[in-house]
Amino acid sequence: MTIRAITPVTPRVKSFRFGPLDRPHRAGQHVDVRLTAPDGYQAQRSYSIASAPGDPAGIELMIEGLEAGEVSGFFDTVAEVGDAIELRGPLGAFSWSPAEGGPVLLIAGGSGIVPLLAMVRERTRHAPEVPMLLIYSVRKAAEAIAWAELAALSRDETGFDLTLLLTREGPTAGRRIDRVMINTAIECLGMPRHAFVCGGNGFVGAVADLLVDAGVKPGVVRTERFGG
């Protein structure tokens, strides 16, 4: 597929727009991206789709430039509009559709927001009646992906609530998602029918344990892990 647009999202994350996939995706799914060097060497990584299914602007990937990242480094410093990129997908069972209803609890750490952003956007487009609450943990406000969009949705849409936890600045510096925060979210939302957690390995494991300790059935909790 061809890159149609590149837009900065945060100091380290860029949005890449492609055309529509040849088959529909579900909010939360990902694609595999494969790059091939002139000498035949190949590198492949998986990236979640940020756009809602059926977005007329095509699919959107949000890719964080990582030090020594073979694929992310290419997108951060080399990729240009018009480049042809190999994509395979959509893939993955970490997904939600309006037909599954709610309440839906979303918990993201850092760039783990991307597949959950697709779920938020899908709710806005096709199921605004579904209660949804997002807890987003990120180091600094400048690193919060799609923050203006999420804040506007929280302000303007009934039934969508948002909590931003800054772990490296402001009054919440040094705090992590804890049982009190989980309990407060459940009191606001109600016991979730679906709970999605996405982020680094340690983050996901800790949050999943907190949810189960708070009374969320293990089968309700679905996780996606982004590296270490």
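The values are calculated or read from the model by the stated rules, or taken from the named source; none is laboratory data. Nothing here was measured: the structure is a model prediction, and the numbers come from that model. All Cβ positions, even for glycine, are placed from backbone atoms using ideal geometry, and neighbour counts span all protein chains on display.
Please enumerate the residues belonging to segment 12-23 that are assigned to a loop (DSSP other than H, G, I, E, B) and in contact (Cβ under 8 Å) with a residue 60 or more places away in the chain. Break it down into steps so the answer makes sense when it comes.
We begin by selecting, within segment 12-23, every residue assigned to a loop (DSSP other than H, G, I, E, B); these are 12, 18-23.
R12, F18, L21, R23, listed by residue number.
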Could you tell me whether segment 158-171 includes any residue that is touching a residue at least 60 places away in the same chain (Cβ under 8 Å) and either assigned to a loop (DSSP other than H, G, I, E, B) or under 18 Å from the mean Cα position of the chain (by Cα) (or both)?
-> no
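Residue check: is I145 under 18 Å from S51 (Cα atoms), touching a helix residue (DSSP H, G or I) at 6+ places or on another chain (Cβ under 7 Å), of a type outside the set (D, E) and touching a residue at least 12 places away in the same chain (Cβ under 8 Å)?
yes
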Scan segment 186-195 and give yes if some residue there is surrounded by 18 or more Cβ atoms within 10 Å (Cβ to Cβ), within 14 Å of the chain's Cα centre (by Cα), touching a residue at least 60 places away in the same chain (Cβ under 8 Å) and not assigned by TED's automatic domain parsing to the domain that holds F16, otherwise no.
-> yes
Filter pass, A118 being crowded, with 19+ Cβ neighbours inside 10 Å and closer than 20 Å to G102 by Cβ | yes
Considering each of V138, V197, V204, V180 in turn, give the residue that is in contact with a Cys (Cβ under 9 Å, 6 or more places away or on another chain) and not acidic (D, E).
-> V204
Residues of segment 24-34 being more than 23 Å from G110 (Cβ to Cβ) and either under 15 Å from the mean Cα position of the chain (by Cα) or outside any strand (DSSP E or B) (or both), which ones?
-> P24
